[in-house]
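The values are calculated or read from the model by the stated rules, or taken from the named source; none is laboratory data. Keep in mind that what you see is a predicted model, and the values were worked out from it rather than measured. Quick reminder, even Gly has a Cβ in these numbers, built from the backbone with ideal geometry, and neighbours come from all protein chains shown.
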Amino acid sequence: MKITLAETLKQKPDFTKLGFGKYFTDHMLYMEYDDGKWGEPEIKPFSAIPVDPASVVLHYGQEIFEGMKAYKNAEGKITMFRPRDNILRMNRSAKRLCMAELPVDEVLEAIFELVRIEKDWIPTDPGTSLYIRPTMIANENFLGVHPSKKYIFFVILSPVGSYYANGLQPTKIYVEDVFNRAALGGTGECKCGGNYASSLMAAEVAKKKGYDQVLWMDAKEKKYVGEVGSMNMFFVLDGKVVTPWLDGTILPGITRDSAIKVLKKAGYVVEERAVSIDELEDDYKNGKLDEAFGTGTAAVISPVGTIGYKNDIMTINNGEMGKITAWLYNTLTGIQYGRIEDDFGWVVRLN
Ligand SMILES: *Cc1c(COP(=O)(O)O)cnc(C)c1O
């Protein structure tokens, strides 16, 4: 691995006012693919990347990304949470979009080294972390439609505060019955920019109606609920934890998987299955829709206080965070920050 350090370092932002994804660290990881193989990974000063106006990514959207975090506790110990699972998922996304797969161990080592170099950028206040954004773009210059022969893989880092401006306030989500995000056989289970581009319109419409995000339904029947924006969805129905199954249209979240595993270990009943909007409405009317929350790396656990569907408005747990939601938030962040013992082998120590 080649390392070129920046000659002058940036002025760091106020760590108490970070927001999400606004500031970037001094260095980045950069690696090119050409002639059927990846070149040497390089850590170098954060800078623009060489993309020609004819680059295929700009025309046909051959792009994938990942999202993970590094945490630093008060003693300066730096950890990451299941980082290998992110790179393995990126390789599954790469396969589906006919892109080059990454050398997993080499990429992980390079990311760990980058995080170590940027350790002073990792905030330590509760809920804060260093967000890590691995990205791969096709970068052959041509306008024909076939898989690119050249790729750029890069990783940028951003110190982040809590994902939601209003902290852990329950969000309002709108069950989307016009637009679709993904259909069976599509790219719903890949972390690719294209999925996000096609989801923006629905989110804009929902925002005008006073909602924070959209809960997608299946594209075929408009009957089953899927996931929310950049989060997987969970419901507590009559004491049981229920989450839509991985049918290929939703992103297999690492936070989702972690939530299922810690809930099961604590003795909760967890069901992965199809969840219809009718079932949710019936349970709501019968007082059995106890809690709802989303899971994702950025927010970890995000309580949902209101679900809107057509003209119906369901207010969950009086619009407050539920007991299981709060327990899960404390448990998962506890494992991530090292407050709670990690019985699963998820935490990777970097120093
Ligand atoms: C990243 C992402 C998630 C959450 O996945 P995590 O691995 O838990 O961060 C959920 N849905 C979509 C669409 C995503 O892009």
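Restricting attention to strands (runs of 3 or more DSSP E) lying wholly within the stretch 196-299, give those where 2 or more residues are over 12 Å from GLU176 (Cα atoms). It would help to see each step written out before you state the result.
Numbers: elements: 213-217, 225-228, 231-237, 240-244, 270-273, 289-296.
Output list reads 231-237, 240-244, 270-273, 289-296.
Taking into account only those residues within the stretch 322-351 that are among the aliphatic types (A, V, I, L, M) and touching an Asp or Glu at 6+ places or on another chain (Cβ under 8 Å), which is farthest from LYS288 (Cα to Cα)?
Within the stretch 322-351, the first condition is being among the aliphatic types (A, V, I, L, M), and the residues that meet it are 324, 326, 328, 332, 335, 340, 347-348, 350.
Retained after the next criterion (residues that are touching an Asp or Glu at 6+ places or on another chain (Cβ under 8 Å)): 324, 335.
Numbers: ILE324: 14, ILE335: 30 Å.
By that ranking, first place goes to ILE335.
How about the stretch 245-266: which of its residues are away from the ligand (no atom under 15 Å from the Cβ) and touching a residue at least 60 places away in the same chain (Cβ under 8 Å)?
At the first step, the residues of the stretch 245-266 found to be away from the ligand (no atom under 15 Å from the Cβ) are 264-266.
The answer is LYS265, ALA266.
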Task: Of all residues in the stretch 46-59 being in contact (Cβ under 8 Å) with a residue 40 or more places away in the chain and surrounded by 16 or more Cβ atoms within 10 Å (Cβ to Cβ), the one that is nearest to ASN195 (Cα to Cα) - done: VAL57
Task: Tally of residues being under 14 Å from VAL175 (Cβ atoms) and within 15 Å of the ligand (Cβ to nearest atom) across the stretch 220-233 - done: 6
TODO: For the stretch 200-211, enumerate the residues that are closer than 19 Å to VAL304 by Cβ and within 15 Å of the ligand (Cβ to nearest atom).
DONE: ALA202, ALA203
- [ ] Determine, yes or no, whether ILE87 is in a strand (DSSP E or B) and closer than 20 Å to GLU189 by Cα.
- [x] no
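Do the conditions hold for GLY185, that is, is it over 28 Å from LEU114 (Cα atoms), away from the ligand (no atom under 12 Å from the Cβ), loosely packed, with under 14 Cβ neighbours inside 10 Å and in the same structural domain as GLU118 (by TED's automatic domain parsing)?
no
Looking at GLU101, GLU63, GLU32, can you tell me which residue is surrounded by 14 or more Cβ atoms within 10 Å (Cβ to Cβ), touching a Ser or Thr at 6+ places or on another chain (Cβ under 9 Å) and either of a type in the set (Asp, Glu) or not assigned by TED's automatic domain parsing to the domain that holds HIS146 (or both)?
Every option except GLU63 fails the conditions.
Working carefully through the options VAL269, VAL236, VAL242, VAL214, find the one that is touching a residue at least 24 places away in the same chain (Cβ under 8 Å), within 16 Å of the ligand (Cβ to nearest atom) and in the same structural domain as THR331 (by TED's automatic domain parsing). Give the derivation first.
Working: VAL269 fails: within 16 Å of the ligand (Cβ to nearest atom); VAL236 fails: within 16 Å of the ligand (Cβ to nearest atom); VAL242 fails: within 16 Å of the ligand (Cβ to nearest atom).
VAL214 is the lone residue from the list that is touching a residue at least 24 places away in the same chain (Cβ under 8 Å), within 16 Å of the ligand (Cβ to nearest atom) and in the same structural domain as THR331 (by TED's automatic domain parsing).
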Task: Subset of the stretch 61-84 (residues that are part of a strand (DSSP E or B), more than 24 Å from ASP120 (Cβ to Cβ) and more than 11 Å from the ligand (Cβ to nearest atom)) - done: GLU63
Open item on the list: What's the number of the only condition in (1) among the small types (Gly, Ala, Ser); (2) without any contact (Cβ under 8 Å) to a residue 40 or more places away in the chain; (3) at positive phi that GLY144 fails to meet?
Closed with: (3)
- [ ] Would you mind telling me which numbered condition in (1) out of contact with any Asp or Glu (no Cβ under 9 Å at 6 or more places or on another chain); (2) part of a helix (DSSP H, G or I) SER47 fails?
- [x] (2)
Open item on the list: Any residue that is modelled with pLDDT of 95 or more and within 14 Å of the ligand (Cβ to nearest atom) - is there at least one of those in the stretch 104-126?
Closed with: no
TODO: Kindly indicate the residue of the stretch 159-182 that is within 15 Å of the ligand (Cβ to nearest atom) and not in a loop (DSSP other than H, G, I, E, B) and also nearest to ASP85 (Cα to Cα) among those meeting that condition.
DONE: VAL160
